[in-house]
Each structure stands twice: as structure tokens, then as C-alpha cells.
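Enquirer: Quick one: the structure is below, questions incoming.
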2 protein chains.
Amino acid sequence: MKKLINSPEDFVRESLEGMASAHADLIKVNFEPTYVYRTDAPVQGKVAIVSGGGSGHEPMHTGYVGMGMLDAACPGEVFTSPTPDQMLEAAKQVDGGAGILYIVKNYSGDVMNFEMATELAYSEGIKVLNILIDDDVAVKDSLYTQGRRGVGTTVLAEKICGAAAQQGYNLQQVAELCRRVNLNGRSLGIALSSCTVPVRMAPTFDLGTSEMEVGIGIHGEPGRKRINVLPANEIASMLALSILDDSAYKRVVREWDMENGKWFDVELVSPPFQKGDKFLAFVNSMGGTPISELYIIYRKLAQICAGRGLDIVRTLIGPYMTSLEMQGCSITLLKLDDEMIKLWDAPVKTPSFCWGV
Amino acid sequence: MKKLINSPEDFVRESLEGMASAHADLIKVNFEPTYVYRTDAPVQGKVAIVSGGGSGHEPMHTGYVGMGMLDAACPGEVFTSPTPDQMLEAAKQVDGGAGILYIVKNYSGDVMNFEMATELAYSEGIKVLNILIDDDVAVKDSLYTQGRRGVGTTVLAEKICGAAAQQGYNLQQVAELCRRVNLNGRSLGIALSSCTVPVRMAPTFDLGTSEMEVGIGIHGEPGRKRINVLPANEIASMLALSILDDSAYKRVVREWDMENGKWFDVELVSPPFQKGDKFLAFVNSMGGTPISELYIIYRKLAQICAGRGLDIVRTLIGPYMTSLEMQGCSITLLKLDDEMIKLWDAPVKTPSFCWGV
């Protein structure tokens, strides 16, 4: 595997330096601890949205920092959770007095560290809420994760909640919206090839020349099964039907009681999709798959949805949540309501997400 | 090589169908002959910008059809020129009475077919001008091309000329602007891997596990040399210095005399870049290289430009002119004037280029 890097150890830092240099009008980067933040942060009186996770999934999350989306993002090393220190300092940097929403993908390391950051922020008098994204229907309780993994819905939640914060929603309202987006989003992906983590310089997993991994995790975690590569229409059908036929998904998650400074358990249910629902359809490249192939997947997905009386009213197609140079794709379907549509359409200006301004 | 396709023969058609379905608010696709066009075309009184070329470089050109950029794009089969018939019918579809500018990348097949389409359009009473893009400093007179190849500057010319047409420039003005953009743009790229054309399903060229091709063409054409893979900083330096030190480039091209319906030769010169120049820096992925690595290349490019007293005032970083899933990158530097900056910043809304609206 060849990469455009200088040394594996410098990969994340140099990439962030280049990014900050290329988009100096939108973002700044802080090192020790590392986080990317809006140049105009803190925005007084606005809820700040902060996310983060391992690097290697670019443009998520750093490319989503800017007006109408994230106030800050905390990148860890490749496929490695950022530290509580990063999350806490990012929160302090962007806190405009209306509180912080941490959007957390459901991986054990991320969850643990964001929970710790939440407690640290509380002890410093910063209001924080903490919402999990766990939308991957592939597997339950897998490598690195209890429950379902957090994947494509994260990008959509960051856009929608970022718009809400920009429009003046308070912290409880933004958190409730984020929870609702998560409960209405489902994803599933496949890999045609492995990716290679720079410090290792060997493929994360082995895949035969005619094999694909169904239900791949974004760090190369095993999915549901390994099968021979199928034609694009069959791949699209398999992913779409697994998502559309997923029954109600019930789980208990920990949320933060910011008045009393303690965690409590809450039972959440993702309702099944139904005829007549309106959707945002997101076809994502894992990094190495070109957009021309994503459109072939989307073509079949749209046919399937139309055949079931499901209405795709918004689309997002491209490499938005990648696994380095992995080939493959994922589909995310998010059931939309009118409020979410309005927030999706709202202006956004970040390095990798831009419209309306 | 695995791909998300159904059959190689259906690749282009199905991808276009998916694209049209995903972006029905922006574009429509016509088959037999094949072209993608703005849903609101023809725009009466506006110069229409039409481009095209082989498929496999997506999002170029089809992803650039929409308000403020292209009125139509003609995709050929993968790495194969579209036909004069496609170009003529696209021109008829989008002609709003103010004429058509064909933006043509300098490859022999594209040039020949766009020239034929120009003559056919003339015989049907449509005003057409025809501007070549030949910005690749890698090689002169190579496989498929006389003179320099047309690469990254094409994307920038389409954006800038599309904005000019949207703002009411007449056909001669848009053509002159396009020529000026081309003469002020220079590009060079490298490949870390080959790409695989669907109908062939074997790599276009062989590259050793530690080799890179310097000066790669976007169809996998040979470049200047094949060397061992270098660290990103050395790659960025090599590309940047080749571009920055390129001397005045003089060539004779054919342009169309639309009053008299004949071709004439014109000598054009790309002036060398100089200290104090303002630039748009475009770091492009060949398809399989993730954006995180592009930022590492950009980081070094920005350092080199700063060291030479060159001012990067706009950036574009991502997969905008790809070669299927090829790994590698290209750098394009476009010397900007105030008019070009204003047009670059103007609103645009296409499937893959969007800001300001």
C-alpha cells in the first residue's frame, strides 16, 4: 500500500495543518490537545456542537466544522479515540454560554472518553449533553462496540443539529433533535477491499480477490458475513432490504443529567420504517470507490424505495465518512420530518459541506 | 479489481441514470445521444457552456452541470471521446440564442469530435466557439495528444466561465475569458496505482509495489518518468517546482471563425508565473486517494508558494477530476486576476459544486 504521507507518525498532524492552511477562513486547529474549531467560535448565546473520533474517516468530522454544522471536532490518531482532554478543551474553546452538545459515535473508546469529558466539563461548570449515534444495523455487540455501531447517520445528525443550533435552539432542544435523528436513521455498508492504517502499513483485514465483507465496520471490523462479490444491483438490494426490513430496535443507553451531574439509563426505540415515509438517502463511499459507482448503487436504491412507496426527498452521495482508501459503500436512510428537512436545507459552510451561503 | 457495477457495458448508462435520479432538481439526462443538461435549459439570452469527454473522470464533467457552471456535458464511454452527435444535440438542447462555448480538453479524439460538432452546429445556424484546455506540463505530444494534455485547469475554467455566462457575458467575452484561464493554469500529477477500465477489468498499466508514475495522464498515459515512491513533501515539491519553474509555453492552436465558418491558427503563450502572483491552488485526488492525504500535499505546496512570495488566495481540494479509482494526485495552479476571483466566488449549484445558493 502506497500513501501520500511523510511518516505514519506525522500523518494526522500534517493533514490537519494542511487543512487549516487551506481553509483558514473557516477553521483553526489547536494542538496539544488537538481539536479543530470555527474561526468565529465561541458564538455567544449559541449552543455549540462538538464531535470527534478516530482519524481516517475524513472528511468526518474535521471537514464539518463551520457555520451551520460543528463548532469543533476532536480527531484522534487513525482509528483511535480522541482523549477526554481534547474533548474538554474543545468544549471550553467554543462554549458561548448556551452549552455544548457532544455527538458521539457508539464505539466503546469514544463513549468512555466523551463520558469522562462530560464529567470534567460539569466539574468546570460547563453545561454538556451527550447523544449517542448507533445506527448500523449490521451487527450488535461487535469488536470495539456494545450495541450497534455509529455510522452514516452521524453526518446527517451533525448537519441537522448544527443548523438547529445556528437557528437558536437551546441545548435540550438540540439534544432531543439529535436523539430523534439517530432513532430515525439506519445504515449498512460493504467493503470490497481493506484499508491500511499508516502506522501499520499492512491491510487491516484480508479479503480474497473475489470476496466482499457485508456489514463492514468503518475501522474494518468484521460484519455479518463474507461472500463473493455481487453485481451492484444485488448489493444495493441487500443493503436496502436489510435497512428497510429492520424491526423496531430497542436499547438502553446512558445519558447525562446535567442538573444533578450524574448518568441515568434511558430506553430508546428506533421505530421500523413504513410505507409513506419520507427519506434522505445517503450513499457513502468508504474512500476508494468513485462517485460513478455510488450512482449505480443509488439508482437501484431509488427503484426499491419507489417500489415500496417510500419517498426519497433528499440525497447525499459521495465520500463523507470514509475508512481511509477502503473500497466499498454504505447506505443510510434517514426518515425525515418537516423540521428535519428545513434544517437539512439550511445554510452551511464548512470545508466539505457547503450550500446556501 | 472489484467494482460496484452490474456489467461493464451498462456502467456509464446506469451511473448517469442514478445521477439524474439523485439530482432531479438540477439535471436531466438524455440518451441516444447521451448528454446531461440543466433542468432549466435553455436559458434565453445566456451563453451556454458545454463540455464533455470520456467517462471515468467523475465528477467531471457531468457533476458540473447546473446553475453557474455547465449547461450541458457529453460523457463518452470510459476514457473514450463522446461523438460529434452528442455535442451537437447537447448544443441544440441548451442554446438560448446567445451561442455555445465548447470547452475542450486537449486529447486528439475530443478535439476532432468537438471540431466536427462545431462545423455541424454552424451548418445549422448555431453560434459556437471552441476553446482548448492544454495545461499539463508533464509532456508534450504523448499518447492520444498533440501538445500538452488538458487536465485540472478544465474544472476551474468551467466554474469561472460558467459564472461569466450566468452574469451575462457574451460569447466572445466568455471565450476570451476561457482562453485566459487556460493560459494562466498549469498542472502536473502523479499516480501511485493504476486504474481499471470496466470493459477491460485489468489494470491500464503496471506499476511496481514501490513505484510511482510522475506526470501521469488521466487515462493512465505514461508521464515523464517512473521512480520509487517518495515522501509526500518530496512529491509536492517535485510537482510544485515543475509547475512554478515552467517557462513560457508557446503553441499554435486552431480556433473557429464563427462569422466565416472556418478554422484559423492562432499562436498562444502561457506566461511564466512570477513573484507576487495570486493563485488558486487545486489539489486533486485521482480517485482512490483520500482527502486526508491531499491536505498533506497542500501543506507543503502552501509552504513552497509562501517561500517564493506567491499568494494562494483560493483553494480547491478533493476528487474533482478523477481516473476511476486510481491512487495519486495532481496539483493545478491558476494565476488569478480580480475578475477571475469574483467569478470563482460567484454562486454555483451543481451536483458536485455548490456554494452561494
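The values are calculated or read from the model by the stated rules, or taken from the named source; none is laboratory data. These figures come from a predicted structure and were not determined experimentally. Heads up, the Cβs are rebuilt from the backbone with ideal geometry, glycines too, and the neighbour counts pull from every protein chain shown. Quick note on the areas: whole protein, heavy atoms, side chains included, nothing else; ligands and nucleic acids left out. Shrake-Rupley method; radii C 1.70, N 1.55, O 1.52, S 1.80 Å.
Enquirer: Which residue, A:GLY276, A:GLY189, A:GLY56, has the most motion in a Gaussian network model of chain A that connects Cα atoms within less than 10 Å?
Expert: Of A:GLY276, A:GLY189, A:GLY56, the Gaussian network model singles out A:GLY276 as fluctuating most.
Enquirer: Next up: Among A:MET1, A:VAL137, A:THR118, pick out the residue whose Cα is farthest towards the positive end of the charge dipole of chain A, where Lys and Arg carry +1 and Asp and Glu carry -1 on C-beta, about the Cα centre.
Expert: A:VAL137
Enquirer: Give me the inter-chain shielding for B:54-60: mean count of other chain Cβ atoms within 10 Å, whole number please.
Expert: Details: counts 0, 1, 2, 2, 6, 4, 0.
Neighbouring Cβ atoms belonging to other protein chains average 2 per residue here.
Enquirer: Something else about it: Could you tell me the distance between the Cα centroids of segment B:40-112 and segment A:290-357, to the nearest Å?
Expert: Taking the Cα centre of each part, segment B:40-112 and segment A:290-357 sit 26 Å apart.
Enquirer: Counting only protein chains, not ligands or nucleic acids, how are B:THR196, B:THR204 ordered by accessible area (probe 1.4 Å), most first? Don't skip to the answer; put the middle values down first.
Expert: Values: B:THR196 5, B:THR204 45 Å².
The ordering from most to least exposed comes out as B:THR204, B:THR196.
Enquirer: Residue farthest toward the positive end of the dipole of chain A, with Cβ of Lys/Arg at +1 and Asp/Glu at -1: which of A:LEU268, A:PRO82, A:MET258?
Expert: Sorting the options by dipole projection puts first A:LEU268.
Enquirer: Continuing with this model, one more query. Given label points at 7 Å from Cα along Cα→Cβ, what nm distances, shortest first, separate A:GLY276 from the same residue in every other copy?
Expert: When each copy's label point is compared with this one, the spacings are 7.0 nm.
Enquirer: Quick one: grab the alpha carbon gyration tensor of segment B:201-331, order the square roots of its eigenvalues as a ≥ b ≥ c, and give me rounded if a/c is under 1.5, else prolate or oblate depending on whether a/b is larger than b/c. Let's see the in-between values first.
Expert: Details: a/c = 1.97, a/b = 1.26, b/c = 1.56.
In terms of gyration-tensor shape, oblate.
Enquirer: Let me ask something additional. Could you tell me which GluC sites (Glu not before Pro) in segment B:231-315 are loop residues by DSSP with no more than 12 other beta carbons within 10 angstrom of their beta carbon?
Expert: Numbers: sites: B:GLU234, B:GLU255, B:GLU259, B:GLU267, B:GLU293; in loops: B:GLU259.
Loop-located and lightly packed - B:GLU259.
Enquirer: So which residue of A has the beta-carbon closest to the axis that swings A onto B, and how many whole Å away?
Expert: A:GLY288, 2
Enquirer: Something else about it: Set the bar at 25 Å for Cα to Cα. Now go through B:LYS46/B:LYS92; A:LYS2/A:LYS28; A:LYS2/B:LYS105; A:LYS278/A:LYS300 and name every pair that lies beyond it.
Expert: Working: B:LYS46/B:LYS92 14 Å; A:LYS2/A:LYS28 29 Å; A:LYS2/B:LYS105 29 Å; A:LYS278/A:LYS300 17 Å.
Over 25 Å Cα-Cα: A:LYS2/A:LYS28; A:LYS2/B:LYS105.
Enquirer: Now for a different question. Can you compute the helix-only [θ] at 222 nm over chain A? Use -39500 (n - 2.57) per DSSP H run of at least 4 residues, normalise by all residues, nearest 500 deg cm²/dmol. Mind showing how you got there, number by number?
Expert: On the way: 8 runs with 104 residues, N = 357.
Rounded to the nearest 500, it is -9000 deg cm²/dmol.
Enquirer: Taking chain A as a Gaussian network, Cα atoms linked when under 10 Å apart, which of A:VAL36, A:VAL229, A:VAL137 shows the biggest mean-square fluctuation?
Expert: Result: A:VAL229 has the largest fluctuation of those listed.
Enquirer: If you don't mind, there's one more thing I want to ask. Can you give the FRET efficiency to the nearest 0.05 for A:GLU176 and A:SER123, using r as the Cβ-Cβ distance and R₀ = 35 Å? Could you put the intermediate results ahead of the total?
Expert: Values: r = 25 Å, r/R0 = 0.71.
Plugging the Cβ-Cβ distance into 1/(1 + (r/R0)^6) gives 0.90.
Enquirer: Now for a separate question. Between the label point of B:THR39 and that of the same position in each other copy, find the distances and list them shortest first in nm, with every label point placed 7 Å from Cα along the Cα-to-C-beta direction.
Expert: 3.3
Enquirer: Can you pull out the trypsin sites (Lys or Arg not before Pro) in segment B:256-287 that DSSP calls coil and that have at most 11 other Cβ atoms within 10 Å? Don't skip to the end; give the middle numbers.
Expert: Working: sites: B:LYS262, B:LYS275, B:LYS278; in loops: B:LYS275.
Here the sparse-neighbourhood loop sites are B:LYS275.
Enquirer: Rounded to the nearest 10 Å², what accessible area does B:ARG180 show when all protein chains are kept and the probe is 1.4 Å?
Expert: Counting only protein heavy atoms, the figure is 80 Å².
Enquirer: Which of the listed residues, A:GLY220, A:SER210, A:GLY168, is farthest toward the dipole's positive end in segment A:168-318, when Lys, Arg count +1 and Asp, Glu count -1 at the beta-carbon?
Expert: A:SER210
Enquirer: On to the next question. Which of rounded, prolate or oblate describes segment B:173-265 when judged by the alpha-carbon gyration tensor and an a/c cut-off of 1.5? Please report the intermediate quantities before stating the final value.
Expert: Numbers: a/c = 3.29, a/b = 1.67, b/c = 1.98.
Cα axes put segment B:173-265 in the oblate bin.
Enquirer: Treating the beta-carbon of each Lys and Arg as +1 and of each Asp and Glu as -1, no other charges, what is the dipole magnitude of segment B:211-254 about its Cα centre, to the nearest 20 debye?
Expert: On the way: 6 positive and 6 negative charges, 67 e Å.
My answer is approximately 320 debye.
Enquirer: Next question. Quick one: compute the contact order of chain A, relative version, from alpha carbon pairs under 8 angstrom and 6+ residues apart, as a percent.
Expert: Once normalised by length, the contact order is 18 percent.
Enquirer: Another question, if that's okay. Let me check something: with ligands and nucleic acids excluded, how do B:ILE341, A:ILE100 order by accessible area (1.4 Å probe), largest to smallest?
Expert: Working: B:ILE341 25, A:ILE100 0 Å².
Per-residue accessible area, sorted high to low, gives B:ILE341, A:ILE100.
Enquirer: Find out how many positive minus negative residues lie around A:PRO8, taking Lys and Arg as positive, Asp and Glu as negative, among other residues whose Cβ is under 14 Å from that of A:PRO8. Each step should come with its number before you reach the end.
Expert: Values: positive: A:LYS2, A:LYS3, A:ARG13, A:ARG200; negative: A:GLU9, A:ASP10, A:GLU14, A:GLU77, B:GLU293.
Combined, the nearby Lys, Arg, Asp and Glu give -1.
Enquirer: Follow-up. Could you state how much accessible area is buried at the B-A interface, both sides summed, with a 1.4 Å probe, in Å² to the nearest 100?
Expert: Details: alone 13840 and 13860 Å², together 23370 Å².
Using a 1.4 Å probe on protein heavy atoms, the buried area is about 4300 Å².
Enquirer: With an 8 Å Cα cut-off and a minimum separation of 6 or more residues, compute the relative contact order for segment B:151-225 in percent. Provide the component values of the computation, followed by the final result.
Expert: Details: 75 pairs, mean separation 18.3, N = 75.
Once normalised by length, the contact order is 24 percent.
Enquirer: On to the next question. Peptide A:9-21: average number of partner chain Cβ atoms within 10 Å per residue? The partial results should precede the final answer.
Expert: On the way: counts 0, 4, 4, 2, 2, 10, 11, 4, 7, 18, 8, 2, 10.
Partner-chain Cβ atoms within 10 Å, mean over residues of A:9-21: 6.
Enquirer: Distance between the C-alpha centers of segment B:236-260 and segment B:164-194? Whole Å please.
Expert: Centre-to-centre distance over Cα atoms comes out at 11 Å.
Enquirer: Please report, for A:GLU234, the nm distances (one decimal) from its label point, 7 Å out from Cα along the beta-carbon direction, to the equivalent points in the remaining copies, shortest first.
Expert: With the label placed 7 Å along Cα→Cβ, A:GLU234 yields 4.5 nm.
Enquirer: Moving to a separate point now. Using the Cα centre as the reference, give the magnitude of the dipole from point charges on the C-beta atoms of segment B:168-227 (Lys, Arg: +1; Asp, Glu: -1; all else neutral), rounded to the nearest 20 debye. Mind showing how you got there, number by number?
Expert: On the way: 7 positive and 5 negative charges, 40 e Å.
About 200 debye.
Enquirer: Where a ≥ b ≥ c are the square roots of the eigenvalues of the C-alpha gyration tensor, would you call segment B:1-116 rounded, which needs a/c under 1.5, or, failing that, prolate if a/b is larger than b/c, or oblate?
Expert: Working: a/c = 2.11, a/b = 1.31, b/c = 1.61.
The shape class here is oblate.
Enquirer: Using +1 on the beta carbon of Lys and Arg, -1 on that of Asp and Glu, and nothing else charged, what's the dipole of segment A:204-331 about the Cα centre, debye to 20? Display every interim value, and only then the final one.
Expert: Numbers: 13 positive and 16 negative charges, 82 e Å.
Charge dipole of segment A:204-331: 400 debye, to the nearest 20.
Enquirer: Per residue of A:316-327, count partner chain C-beta atoms within 10 Å of its C-beta, then hand back the mean as an integer. Provide the component values of the computation, followed by the final result.
Expert: On the way: counts 1, 7, 6, 5, 0, 0, 3, 1, 4, 11, 2, 6.
For peptide A:316-327, the averaged partner shielding equals 4.
Enquirer: Shifting gears a bit: Using a 1.4 Å probe and counting only protein heavy atoms, arrange A:MET116, B:MET112, A:MET321 so the residue with the most accessible area comes first.
Expert: Details: A:MET116 90, B:MET112 110, A:MET321 5 Å².
Heavy-atom accessible area, descending, gives B:MET112, A:MET116, A:MET321.
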